[in-house]
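No value in this document is a laboratory result; all are computed from the given coordinates. Nothing here was measured: the structure is a model prediction, and the numbers come from that model. Note that each Cβ is placed from the backbone with ideal geometry, even for glycine, and that neighbours are counted across all protein chains shown.
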Amino acid sequence: MDVLAIRDLAAAHHEGYVASLRAMVDIDSGTFNRAGVNRIADLCEARFREHGWDVERIGDVAATGPELGDTVVGTIRGAGGARVLMIGHMDTVFDDA
């Protein structure tokens, strides 16, 4: 896929991307706000499933300390070749409102 095709694809999905981003940033999801982080996890899980990904949801397993939000692992199978790992986080760096 060339650069112009990527640009056109991104432009075609811009409105949906912004709406999805807005839905996420409107959720209080500070590190120790389990409910908020799990709402973000719900959105990520739904989005992955909509696009045909296999999804595994792993609850917090820490033996001590505060309960944290779940982990979401999304896997999509390619046609072979190189593997790509993308990671991110679902909590925010801001205190809850």
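With all pairs of separate Cα atoms included, the chain yields a Kirkwood hydrodynamic radius of 15.5 Å. For the range 21-89, trypsin sites (Lys or Arg not before Pro) are listed when DSSP marks them as loop and at most 16 other Cβ atoms sit within 10 Å of their Cβ; the list is 77, 83.
Adding -39500 (n - 2.57) for every DSSP H run of four residues or longer, then dividing by how many residues the chain holds, sets the calculated 222 nm ellipticity at -12500 deg cm²/dmol.
Computed on the chain, with alpha-carbon pairs under 8 angstrom and 6+ residues apart, the relative contact order is 30 percent.
Between residue 13 and residue 77, residue separation times 0.36 nm minus the direct Cα-Cα distance comes to 20.8 nm.
Across the options 75, 3, 27, the greatest Cα extent toward the positive end of the charge dipole of the chain (unit charges at beta carbon of Lys, Arg, Asp, Glu) belongs to 3.
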